[in-house]
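The values are calculated or read from the model by the stated rules, or taken from the named source; none is laboratory data. Please read all numbers here as calculations on a predicted model, not as lab measurements. Using ideal geometry, Cβ is built from the backbone for each residue, glycine included, and neighbour counts are taken over all protein chains shown.
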Amino acid sequence: MKKIIYFLSLVIFAHPAFAQPSTSSVKQWQDQKFSMFIHFGGIYSVLGGVWDGKPVTRGLSEQIQAHAGIYSDTYANLAKNFNPANWNADSIALLAKAAGMRSVVLTSKHHDGFCMFKTATTDFNVVDATPFKRDVVKEMAEACKRHGLRFGLYFSLIDWHYPQASPISSHNSDYVTSEHHEYNKKQVTELLSNYGTISELWFDMGSQSPTQSRELYQLVHRLQPDCMVSSRLGNDQGDFAVMGDNQYPDYSIGVPWQSPASFFDETWGYRSWQKRGSEDEKYKEKLESLIRVISRGGNYLLNIGPKGDGSVVSFEKDILLKIGTWLNKNAEAVYGTTADPFFTAFKWGNITSKPNKLYLFVTSVPADGLITLPGLEGKISKVSVLGEQQSLNFKQVADAAVITLPAGFDNEKQIKVVAVDIAEGYKVQPVYIIKSSYGHMELDEHNAYNYYSSSGIDYNSNYQSTVKQAWTIKPTATGKYRSSINYTNEEKGSVIDLTVNNVTTTLTLDGDRLMKYKSDTAKLKWGPLYITGPYSAGLGGLNGNTDKIDITKPYTADPDKHWQPIDGYKNGQLINLPASMDNAYYILQNINVKQGLIYAQVKITSGDGIIIIFNGRQMLINNNPAKAESVDHVIGLNLMPGNNQLLIKVFNNFKKSIPFAISHSIPQSIYIKDLDVKIFEANKLYPVSLKLHSPASPHQTLKLPNLEVWFAKK
């Protein structure tokens, strides 16, 4: 087995089949491309970010109750001031339509617990507690239906008004009590029973148990089978992955996904004192964000925050109408398209695609006026600018196409789209191809093209999960190739789908040929353990990479966080590190090798989450989905001559301590699963991919860190 391997323990538990919406419903949701988010919530909209006559500068304005420290009864009484005379659901729907949006997602209830719909569960709702006495959700649902828009709902899993819910916290990832869970289920039932077809249910915040998340997911699909559920339901439930707020990923995502965006990072709800700046600059910012999202195959959910009187802020309205004008001209390049088929990023802009056409969104004109499309196969018949009677010059060579932008090509005021027609279809050569070396090809996660999702128990424990790995191999000789999968006890029992040249085989990794080995420990020197922390806030959670570090310097700019030796630590000793919510420690060990290459394994014990980095490379990221007291991870290290550095981040979510241990005195074994002999032709490209077979969730990370696929010439 290749020496650079590492592994973690899998927590495997029984789960029911993961019910999902129909394929056609998923595609319809993905084809929306651009949608309107509406944070209109009664009390916080009336306050507009102001309390006691002063702007509340801390936090988001839709959470003003928490950030201004308003008593719950005082806040509730403010509902009497909510009478939005200028609210008009039809005008909102028509604005969304004019902006080129295909759906609307309205806040039915935010964290303050105020319901924008008539509910039997509480009188703290827009009909019973306000002089307005109209059901906003109902009006918006009916307006969307009249104007041909799909309609979705936002629903907060935390509720600051419900007595049996967890109280207000600084992090919003509060536990959901059993009484609160039942309360949420009743309200979700009302929303999915009384307002017609709901295209998506956008859950947010809270830290539920796996059972609670699963029950809500199943409830949604029992009531409306084709309603798409957001991944912020937690515990890897959900039909689509939600990126972080105002996050625009630059990597490939292997599941349906969405980027939620606000006009300003500081707030989603209306803020009367917000400095809005230039409309032209904000228009360009949001249009480029839309382009980035759709070019990666995602949906862009752009928020407006109406005023307390129900009117839309003119700044936001004007920008939406400008985007709509641009989309009307360039609709062909947006709707009905798929993601960028190239395997590289372009400085000049982004791409969407159709079977016989590519659309190039030129956001930055190259200095030489040339756009190169590497690895494009297929005969180009025409290159033109959408919406203009202008054809562009181009040439094709063996491994690329080069398009010449005309002199004076101006995209400063309006981003232009270049359409590339390829009548008989096209293919794009992968950028990175694995060639056989001495008749041998090894595939692992370090040389894979990864497809990602977003996994986590709750918002604070969220991380970028890997849901599929893909490779392109190029044998240098024609003939028969032995194929095998190498794995360890960590992968044992897993079921995977391995696809080679478009033929998929389902394989159970269940104790095949066993190879044992021993490390040459005489050449190793394990240095002492050093620790720094605890860290909180930005340095908590499952995130963060680093290169090699110096134990003589603080890990961060915080001068109080120096590295300290863990005195007297014995190999394999379990210790408990004191911690509060969202705390993390960093632990470092230097490993010296006298000479040669040595492979050695270590077992590391952690609590709610862990990141392991070896010699500057991330080896493992994992959380604790079963919320066990501790989880063991076994990591294989390819030790180089000289000093090697192992950096470990351990994370705590809600507990009061973090268990930690590290041991290098553990059994080491590798299994080899022999597969059918493959016949490959020399210099031909063959796609290979790997994913879990019937995973508990489409967002579940592979957790197959040691698995390698081998092809060897017979």
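Values for this structure:
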| read-out | value |
| --- | --- |
| Boolean, K413 is within 29 Å of the chain's Cα centre (by Cα) and of a type in the set (K, R) | no |
| Number of the exception - Q20 against (1) at pLDDT below 95; (2) exposed (fewer than 15 other Cβ atoms within 10 Å of the Cβ); (3) under 30 Å from R214 (Cα atoms) | (2) |
| Some residue of the stretch 218-241 being surrounded by fewer than 19 Cβ atoms within 10 Å (Cβ to Cβ) and either of a type in the set (G, A, S) or within 16 Å of the chain's Cα centre (by Cα) (or both) | no |
| Qualifying residue in the stretch 145-155 (condition: part of a helix (DSSP H, G or I) and either farther than 29 Å from S173 by Cα or among the charged types (D, E, K, R) (or both)) | yes |
| The lone exception for K307 - which of (1) part of a helix (DSSP H, G or I); (2) touching a residue at least 60 places away in the same chain (Cβ under 8 Å); (3) not aliphatic (A, V, I, L, M) it fails | (1) |
| Whichever residue in the stretch 151-183 is under 30 Å from W29 (Cα atoms) and in contact with a helix residue (DSSP H, G or I) (Cβ under 7 Å, 6 or more places away or on another chain) and, among such residues, is surrounded by the most Cβ atoms within 10 Å (Cβ to Cβ) | L157 |
| Count - residues of the stretch 321-353 that are of a type outside the set (F, W, Y), assigned to a strand (DSSP E or B) and crowded, with 16+ Cβ neighbours inside 10 Å | 5 |
| Identity of the residue in the stretch 623-676, at pLDDT below 90 and β-branched (V, I, T), that ends up nearest to K714 (Cα to Cα) | I670 |
| Qualifying residue in the stretch 362-379 (condition: touching an Asp or Glu at 6+ places or on another chain (Cβ under 8 Å), in a strand (DSSP E or B) and buried (at least 18 other Cβ atoms within 10 Å of the Cβ)) | no |
| Cβ-Cβ under 6 Å pairs, at least 6 apart or on other chains, the stretch 512-535 side part of a strand (DSSP E or B), far side of a type in the set (D, E, K, R) | T532/K561 |
| Those residues of the stretch 189-203 which are without any contact (Cβ under 8 Å) to a residue 60 or more places away in the chain and surrounded by 21 or more Cβ atoms within 10 Å (Cβ to Cβ), in sequence order | I198, L201, F203 |
| Unique residue being in a loop (DSSP other than H, G, I, E, B), farther than 24 Å from L675 by Cα and among the small types (G, A, S) when the list is S454, S461, S465 | S461 |
| In the stretch 427-447, the residues that are part of a loop (DSSP other than H, G, I, E, B) and surrounded by 20 or more Cβ atoms within 10 Å (Cβ to Cβ) | D444 |
| Condition check for I575: among the β-branched types (V, I, T), at pLDDT 75 or above and within 22 Å of G616 (Cβ to Cβ) | no |
| Residues being part of a loop (DSSP other than H, G, I, E, B) and small (G, A, S) - total across the stretch 191-209 | 4 |
| Selection count, the stretch 613-641, where residues are surrounded by fewer than 20 Cβ atoms within 10 Å (Cβ to Cβ) and either of a type in the set (S, T, N, Q) or outside the structural domain of I658 (by TED's automatic domain parsing) (or both) | 4 |
| In the stretch 287-320, residue surrounded by the most Cβ atoms within 10 Å (Cβ to Cβ) [restricted to those that are of a type in the set (D, E, K, R) and over 19 Å from V362 (Cα atoms)] | E316 |
| So D280, is it of a type in the set (D, E, K, R) and outside any helix (DSSP H, G or I) | no |
| Search result, residues across the stretch 428-447 that are out of contact with any Phe, Trp or Tyr (no Cβ under 9 Å at 6 or more places or on another chain) and at pLDDT below 90 | S437, Y438, E445, H446 |
| Inter-residue pairs, beta-carbon under 9 Å, first within 29 Å of D135 (Cα to Cα) and in the same structural domain as N303 (by TED's automatic domain parsing) and in the stretch 39-62, second hydroxyl-bearing (S, T, Y) and surrounded by fewer than 16 Cβ atoms within 10 Å (Cβ to Cβ), 6+ apart | L47/S272; G48/S272; G49/T57; G49/S272; V50/S272; S61/S272 |
| Residue within the stretch 472-487 that is touching a His at 6+ places or on another chain (Cβ under 8 Å), in contact (Cβ under 8 Å) with a residue 12 or more places away in the chain and not in a loop (DSSP other than H, G, I, E, B) present | no |
| Qualifying residue in the stretch 207-216 (condition: β-branched (V, I, T), in contact with a Ser or Thr (Cβ under 8 Å, 6 or more places away or on another chain) and under 30 Å from G541 (Cα atoms)) | no |
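Each row is one residue, and each column tells you yes or no for (1) out of contact with any helix residue (DSSP H, G or I) (no Cβ under 9 Å at 6 or more places or on another chain); (2) of a type outside the set (F, W, Y); (3) modelled with pLDDT of 95 or more.
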residue	(1), (2), (3)
L321	no, yes, yes
A345	yes, yes, no
I351	no, yes, yes
K382	yes, yes, yes
S391	yes, yes, no
Q414	no, yes, no
V417	no, yes, yes
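Here is a yes/no grid of residues against (1) hydroxyl-bearing (S, T, Y); (2) in contact (Cβ under 8 Å) with a residue 60 or more places away in the chain:
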| site | (1), (2) |
| --- | --- |
| H110 | no, yes |
| N125 | no, no |
| T130 | yes, yes |
| E142 | no, no |
| R146 | no, no |
| G152 | no, yes |
| Y162 | yes, no |
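Results for (1) in contact with a Pro (Cβ under 9 Å, 6 or more places away or on another chain); (2) of a type outside the set (F, W, Y), shown as yes or no for each residue.
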{"residue": "F614", "(1), (2)": "no, no"}
{"residue": "R617", "(1), (2)": "no, yes"}
{"residue": "L620", "(1), (2)": "yes, yes"}
{"residue": "G642", "(1), (2)": "no, yes"}
{"residue": "L646", "(1), (2)": "no, yes"}
{"residue": "I662", "(1), (2)": "no, yes"}
{"residue": "F680", "(1), (2)": "yes, no"}
{"residue": "L690", "(1), (2)": "no, yes"}
{"residue": "F711", "(1), (2)": "yes, no"}
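Let's see how each residue does on (1) in contact with a strand residue (DSSP E or B) (Cβ under 7 Å, 6 or more places away or on another chain); (2) hydroxyl-bearing (S, T, Y); (3) assigned to a helix (DSSP H, G or I):
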{"position": "A165", "(1), (2), (3)": "no, no, no"}
{"position": "N172", "(1), (2), (3)": "no, no, no"}
{"position": "T189", "(1), (2), (3)": "no, yes, yes"}
{"position": "T211", "(1), (2), (3)": "no, yes, yes"}
{"position": "R214", "(1), (2), (3)": "no, no, yes"}
{"position": "V220", "(1), (2), (3)": "yes, no, yes"}
{"position": "G238", "(1), (2), (3)": "yes, no, no"}
